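Q: Dumping the structure here so I can ask a few things about it.
Derivation of every value follows stated rules applied to the coordinates shown; laboratory data play no part. The shown structure was predicted, so the numbers you read here are calculated from the model rather than taken from an experiment. Cβ placement follows ideal geometry from the backbone for every residue including glycine, while neighbour counts extend to all protein chains displayed.
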Amino acid sequence: MTYHLLIAARVIRRAQGLICVSPYTTGHIQKYFRPKCAVITIPNGLALDVFARRQRRMSATQINHNPYTICSVGGWGEIKNIKTLLRAFTLHSKSHKASRLVLFGSELGPGEAGECWAVKHNLHHGVVFMGRKPRDFILDFLENEADLMVHPSRVETHGMVLIEAMACGVPVIGGQMSGAIPWTLEHGNSGYLCDICDPHEIAHTIGKAINDSDATLKMTEHAWKWASQRFSIEQAAVANMEFFERLA
């Protein structure tokens, strides 16, 4: 890690300009590396076809026979904080027995570290361990099956999976102190924010998202508009090109 930091510091000192994907990342770079060049924020973007998934989701007429489906896309480890989500889901399941939790990411497949830990601690009931899947598979899942995404990561430089969920019309819960997540979710206007280190708080917020369905739907509609206006690949490309031209 020290080696990578030294390389990063050397590159930043020599840079003519720096692009960061969020104000959180910009602030971090400025605070700890103190670059002499211009540092700007240009967020990641999604293609228009991803945003079109919400329209298909909303216009779908088929009856969904699946249980209420909560999903999380990340991986196993302390930063991604899936252990706390598993504890929260167990608390939630006491009053919502029909819900299921579907987990995507490294070490979250059948028989992998996440499932082994969950079974050992009796936190596996109602949990589907999907593991690593192609991006299109996850986007299809968001469009057709997911009812709610919970992203318990302790820190994110941006959070692409949050943007993808918003683009697909899926409501999101993220951490109120998790790096760039509050900014990505428009400080609570485009997603629910809570203390993701507290399983009781996560469970409460899941219940709030389910029980106040009108407010959740309204937030989801607003989130799609926010994401489509703020996080499109076209806007990102234009902003990057303009910055490169200024440096030329």
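Q: Taking only Cα atoms, what is the 0 to 90° angle, nearest 10, from helix 82-93's long axis to the longest principal axis of the chain?
A: 30
Q: If R₀ is 45 angstrom, what is the calculated FRET efficiency for the pair VAL11 and SER59, using the beta carbon separation as r and rounding to 0.05?
A: On the way: r = 47 Å, r/R0 = 1.05.
Using R0 = 45 Å, I get an efficiency of 0.45.
Q: Oh, and also: How about LYS120: which lysines have a C-alpha closer than 23 Å to its C-alpha, ignoring those fewer than 8 places off in the same chain?
A: LYS80, LYS83, LYS94, LYS97
Q: Considering only DSSP states other than H, G, I, E and B, which trypsin sites (Lys or Arg not before Pro) in region 1-81 qualify as loop sites with at most 13 other Cβ atoms within 10 Å? Please list the in-between numbers first.
A: Numbers: sites: ARG10, ARG13, ARG14, LYS31, LYS36, ARG53, ARG54, ARG56, ARG57, LYS80; in loops: LYS36, LYS80.
Sparse-neighbourhood loop trypsin sites (Lys or Arg not before Pro): LYS36.
Q: Let me check I've understood the local charge: for ARG132, count other residues with C-beta under 14 angstrom from its C-beta, Lys and Arg +1, Asp and Glu -1. What total comes out? Write out the running numbers ahead of the final one.
A: Values: positive: LYS80, LYS133, ARG135; negative: GLU107, GLU112, GLU115, ASP136.
Around ARG132, the surrounding residues sum to -1.
Q: For HIS28 and VAL128 in the same chain, what is the full-extension length gain: residue separation times 0.36 nm, less their Cα-Cα distance, in nm? List each step's numbers first, then the result.
A: Values: separation 100, 0.36 × 100 = 36.00 nm, distance 3.59 nm.
Result for the pair: 32.4 nm of gain on full extension.
Q: On to the next question. Please state the charge dipole magnitude for region 48-230, taken about the Cα centre, from unit charges on C-beta atoms (+1 on K and R, -1 on D and E), reported in debye and rounded to the nearest 20. Write down the numbers at each step before the final one.
A: Working: 19 positive and 19 negative charges, 34 e Å.
Its charge dipole is roughly 160 debye.
Q: Go through region 167-182 residue by residue and turn each phi into a ³J(HN,Hα) via Karplus (6.51, -1.76, 1.60, θ = phi - 60°); whole Hz please, and just put x for glycine and proline.
A: In residue order, the calculated couplings are 5, 8, x, 9, x, 10, 10, x, x, 6, 10, 9, x, 8, 4, x Hz.
Q: Quick one: net charge of GLY159's neighbours, Cβ under 14 Å, K/R +1, D/E -1?
A: Details: positive: LYS80, ARG154, ARG230; negative: GLU156, GLU164, GLU186.
Residues close to GLY159 contribute a combined charge of 0.
Q: Let me ask something else about it. Summing +1 for each Lys or Arg and -1 for each Asp or Glu, what net charge is found among the other residues whose Cβ lies under 15 Å from the Cβ of HIS200? Working shown, then result.
A: Details: positive: LYS83, ARG87, LYS94, LYS208; negative: ASP195, ASP198, GLU201.
Neighbourhood net charge equals +1.
Q: Using alpha carbons only, how many degrees (0 to 90, rounded to 10) separate the axis of helix 48-59 from the longest principal axis of the chain?
A: The helix 48-59 is inclined about 20 degrees to the chain.
Q: For helix 213-230, what angle does its Cα long axis make with the longest principal axis of the chain, in degrees from 0 to 90 and rounded to 10?
A: 20
Q: Still on this model: Pairs of Cα atoms under 8 Å, at least six residues apart: use those to get the relative contact order of the chain, whole percent.
A: Numbers: 417 pairs, mean separation 54.8, N = 248.
RCO, the chain: 22 percent.
Q: With unit charges on the beta carbons (Lys and Arg positive, Asp and Glu negative) and the dipole taken about the Cα centre of the chain, which residue among CYS194, GLY114, VAL155 sits farthest to the positive side?
A: Highest projection toward the positive end goes to VAL155.
Q: What is the extension gain from ASP49 to GLU221, computed as 0.36 nm multiplied by their sequence separation minus the C-alpha to C-alpha distance, in nm to one decimal? Write out the running numbers ahead of the final one.
A: Working: separation 172, 0.36 × 172 = 61.92 nm, distance 1.71 nm.
Taking 0.36 nm per residue and subtracting the Cα distance, the gain is 60.2 nm.
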